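The values are calculated or read from the model by the stated rules, or taken from the named source; none is laboratory data. Given the structure is predicted, the values throughout are model-derived calculations rather than measurements. Here the Cβ is made from the backbone with ideal geometry for all residues, glycine too, and neighbour counts use every protein chain on show. We work out accessible area using only protein heavy atoms, side chains counted, and drop any ligands, DNA or RNA first. Shrake-Rupley method; radii C 1.70, N 1.55, O 1.52, S 1.80 Å.
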Amino acid sequence: MKYFLGFLLVALISSNALAENIDLSDYNIENVQNFDEFSFLPFIGSSRQGAILYSNYEKQILGPATLGYGWQTIVIELSPSAINSSQFDDFIIDNSIIDMRVNLFPEDATLCELTDDALIKFNEINLLYTTNVLTGGYPKACSLQISYTAQAGSDIENILIDYLENNMVLTLNYELIINETVDRSFDFHNIVQDLVTLGGLQESTASMSYYSSISDFTFYARLLDPLLFNEDSISLETWQFFISQFTFNDNTVFITLSDGNQIISIPGSGADTTIFSINQKL
Amino acid sequence: MKAKNNLSLALLTVFTSSPIVLNATPLAPEDKSVADIFTVDIQNNFELYADSEDDNLIWYVPAGGSIAMLGSSSNPVPRFNASSFVEFNGVFAGQAVALMGGSFSTAGFAPLREQLEQEAAAAGYTVSPAQASSATTKFIVSGMETSGQVNADCDVTELTVTNPITGVSQIVRLPNCTVTYDDGTVYDVDTIQRFTALTPAGQTSVSTSIPFQVKTTPAYALTVANNLAVGANFDDVLSAVVDWEIPTTSITRTARLTIDYRSVFEKATTFSAIHDWACVDVEIATFFQRLVRDGDGITVEYLNDDNQWVLDAPNDADFIGVINEVEEELRDEIFAEMQSYTEPNLPNVSRETNSFFTLRANYEKLIFEANETRIINYNPGNAIKTARTDMFLGCLTGGFGTPVVASSASNCKTLFGIE
């Protein structure tokens, strides 16, 4: 293990970060209630039990404490400002909220990460240090333990404490995103019947079968009402699914209606929605 | 241990003897579900079971809990304390660490228990904490799972530091704690030096109050003091889980057998011949399993909840229950049991028996060509259901020379039912 004087260290960084895969499927996301400094995400079916998300944190510098062997430790905690605010207290008490006491952080959350400016400053003052991020101290977002070599009460320590207190040294940043997958479908038989009425297809001798010249087919297909496809205006993807049901041969298009092509389903492309995000430097 | 207090510290009681012989036991939820009587909030916070004897009784297991609270609901006294301690030996000699000690409780939260009782009473039920046949307690200590003990190796680590500008190297020494797993991986632990849970007798705890003690590192002592100033959780360093085994029974059910004796005897004859006309009991059991499974010779119909006879068994347990009953009903009609006693060996008289079965000549049944129909009762049998209680350490303030009290933060007060 190599240490570099004054700069990023430590293979000793053990992140006790319990960054588990969070499962939002138990929560009623549509019913999230947003307030100035926090949001309440209820469980499905419940009006009062759920998770609290905080949108504003404050930093607290703890210590320094002596580790021994020339090492000191300072801990920076990030706590939500909402706790003990009257808006928070009123909401919790009036609704008898059962707080799950969990931080719903996604795996890629940035928690108590030292800012670039802080790293540069540490390098400037030739600080030899190691860091450790702790999570799980709800309602705190995270803590950062900074252990460094210095005499207790020395100048370098005072400079460090002063710097940590008066500058943006930590980043807290995450987004809670859910993926909406919406399947679409349309009634194919309806559309074929409409096309027949318009003149774009005619009945063939085989039952439930139709045909037309390609030019007639395409001429009248232009006139199909988008609402038949359950869209305001027909998308290319929907049209591709529609056309792929037909057989094209020389100058003729054929189709046979069956139970299998009564309803055509198009799997949703999935839109991402951000239900909560925070980006703070402290 | 006994806890005398005004709070109804509803305790999950555990039986230490097995097998459990109880007249009133929880019913398997797939047999009779009582969850629907309750609101979603109660369903989310308790595992619920009907009773096998008393239609008005519901058993419960709380899903979550925290530190044991004595005192009254308006003035709860947490069973927890924290203090500062200066190490006198070891790698942290001379430095201040924190000592924490307390007891988790599996009783759950008072407001939720009260709501459970109210909702049950409104529907005509009483509730009682479920009786578990065993409980396994696990602690998550600094991300590591343990059943009772963590002792970190706290020592000085030597590291080489290189100045990137001058290229000069120097050795630095850093006090550091690690834990070595069984497979040899070494895990850095920056929060605790030692954890002990005082659970009795090995892996399982039958106590509903789970005492523990923690000694921290000097760095984490700062966080302990801060957590106890703001009432934060200690999940990064300690939480507890109890896995309960709840023995449940099933309702006795009815099935209808249609027996074609000619076919059954044909099969029994073939079967016995294979075993040289002397089948042992395991082989007899196999015979009846096949008979019921193949449905050839015996047709089994199950009486379902709508009072209809159906050919499909409601579930595997029912199927096995029927086989056992069929064997009991028919075995002695088809097979004759021969028992031989081992020679007495004085002065120890042995009463061991070996039995084997031969085919009984059952001519009376064969005379009547018609099939016979019988109604039997069977019980799918007992099943062990598991339930879990998750407990956190948090919502506490004080310590370090001042009394520890429940946090006055509003989201802690509503959880513990403090006005």
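Summary of computed values
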item	result
Qualifying residues in the stretch A:111-133 (those that are at the interface with chain B (Cβ under 10 Å from one of its Cβ atoms) and in a loop (DSSP other than H, G, I, E, B)) - the one farthest from B:Phe392 (Cα to Cα)	A:Asn126
Number of positions in the stretch A:29-81 that are among the charged types (D, E, K, R) and within 8 Å of chain B (Cβ to nearest Cβ)	2
Output for the stretch A:231-243, where each listed residue is surrounded by fewer than 17 Cβ atoms within 10 Å (Cβ to Cβ) and either at pLDDT below 90 or more than 19 Å from A:Gln193 (Cβ to Cβ) (or both)	A:Glu231, A:Asp232, A:Ser233, A:Ser235, A:Leu236, A:Glu237, A:Gln240
Test set (1) without any contact (Cβ under 8 Å) to a residue 40 or more places away in the chain; (2) open to solvent by 10 Å² or more (accessible area, probe 1.4 Å); (3) within 8 Å of chain B (Cβ to nearest Cβ) - A:Asp94 fails condition number	(3)
Filtered residue count, the stretch A:215-230, keeping only those that are exposed (fewer than 14 other Cβ atoms within 10 Å of the Cβ) and touching a strand residue (DSSP E or B) at 6+ places or on another chain (Cβ under 8 Å)	1
Checklist (1) within 9 Å of chain A (Cβ to nearest Cβ); (2) modelled with pLDDT under 95 applied to B:Ala232, failing item	(2)
Top-ranked residue in the stretch B:181-212 [being closer than 21 Å to A:Val133 by Cα and either modelled with pLDDT of 90 or more or outside any loop (DSSP other than H, G, I, E, B) (or both); ranked as nearest to the other protein chains (Cβ to nearest Cβ)]	B:Asp188
Count of the stretch A:47-63 residues which are open to solvent by 10 Å² or more (accessible area, probe 1.4 Å) and touching a residue at least 24 places away in the same chain (Cβ under 8 Å)	7
Cβ pairs under 6 Å, 6+ apart, first in the stretch A:218-230 and under 17 Å from A:Phe241 (Cβ atoms) and part of a helix (DSSP H, G or I), second open to solvent by less than 70 Å² (accessible area, probe 1.4 Å) and not β-branched (Val, Ile, Thr)	A:Ala221/A:Gly200; A:Phe229/A:Phe186
Pick from the stretch B:56-75, criterion under 14 Å from the mean Cα position of the chain (by Cα) and among the aliphatic types (A, V, I, L, M), ranking: farthest from B:Met391 (Cα to Cα)	B:Val61
From the options B:Val172, B:Val156, B:Val168, B:Val186, residue that is in contact with a strand residue (DSSP E or B) (Cβ under 9 Å, 6 or more places away or on another chain) and surrounded by 14 or more Cβ atoms within 10 Å (Cβ to Cβ)	B:Val172
Set B:Met69, B:Met100: member being of a type in the set (A, V, I, L, M), crowded, with 16+ Cβ neighbours inside 10 Å and at pLDDT 90 or above	B:Met100
Every residue from the stretch B:303-339 that is out of contact with any Leu (no Cβ under 8 Å at 6 or more places or on another chain), in a helix (DSSP H, G or I) and closer than 20 Å to B:Thr269 by Cα	B:Ile323, B:Glu327, B:Glu328, B:Leu330, B:Arg331, B:Asp332, B:Glu333
Residues satisfying the stated conditions in the stretch A:231-257, i.e. without any contact (Cβ under 8 Å) to a residue 40 or more places away in the chain and β-branched (Val, Ile, Thr)	A:Ile234, A:Ile243, A:Thr247
Top-ranked residue in the stretch B:88-119 [being touching a residue at least 60 places away in the same chain (Cβ under 8 Å) and more than 34 Å from the chain's Cα centre (by Cα); ranked as nearest to B:Thr397 (Cα to Cα)]	B:Val97
Test: residue in the stretch B:256-264 that is under 30 Å from B:Asn307 (Cα atoms), without any contact (Cβ under 8 Å) to a residue 60 or more places away in the chain and of a type outside the set (A, V, I, L, M)	yes
Strands (runs of 3 or more DSSP E) wholly inside the stretch B:112-180 containing at least 2 residues that are more than 30 Å from B:Cys412 (Cα to Cα) and out of contact with any Lys or Arg (no Cβ under 8 Å at 6 or more places or on another chain)	B:153-162, B:169-180
Selection status of A:Asp108, open to solvent by 30 Å² or more (accessible area, probe 1.4 Å), farther than 30 Å from B:Ala96 by Cα and not in a loop (DSSP other than H, G, I, E, B)	no
Only listed residue being open to solvent by 20 Å² or more (accessible area, probe 1.4 Å) and within 30 Å of A:Ala65 (Cα to Cα), chosen from B:Gln95, B:Gln131	B:Gln95
Checking B:Gln43 against (1) part of a loop (DSSP other than H, G, I, E, B); (2) modelled with pLDDT of 80 or more; (3) more than 16 Å from B:Lys385 (Cα to Cα), the condition it does not meet	(1)
Among the candidates B:Thr252, B:Thr269, residue that is β-branched (Val, Ile, Thr), out of contact with any Pro (no Cβ under 7 Å at 6 or more places or on another chain), open to solvent by 50 Å² or more (accessible area, probe 1.4 Å) and under 30 Å from B:Pro26 (Cβ atoms)	B:Thr252
Filter result (open to solvent by less than 70 Å² (accessible area, probe 1.4 Å), part of a strand (DSSP E or B) and among the aromatic types (Phe, Trp, Tyr)) within the stretch A:170-214	A:Tyr174, A:Phe186, A:Tyr210
Condition broken by B:Leu222, with the remaining ones in (1) open to solvent by 20 Å² or more (accessible area, probe 1.4 Å); (2) touching a residue at least 40 places away in the same chain (Cβ under 8 Å); (3) over 30 Å from B:Thr25 (Cα atoms) satisfied	(2)
Qualifying residue in the stretch B:323-331 (condition: among the hydrophobic types (A, V, I, L, M, F, W, C), surrounded by fewer than 16 Cβ atoms within 10 Å (Cβ to Cβ) and over 19 Å from B:Arg360 (Cα atoms))	no
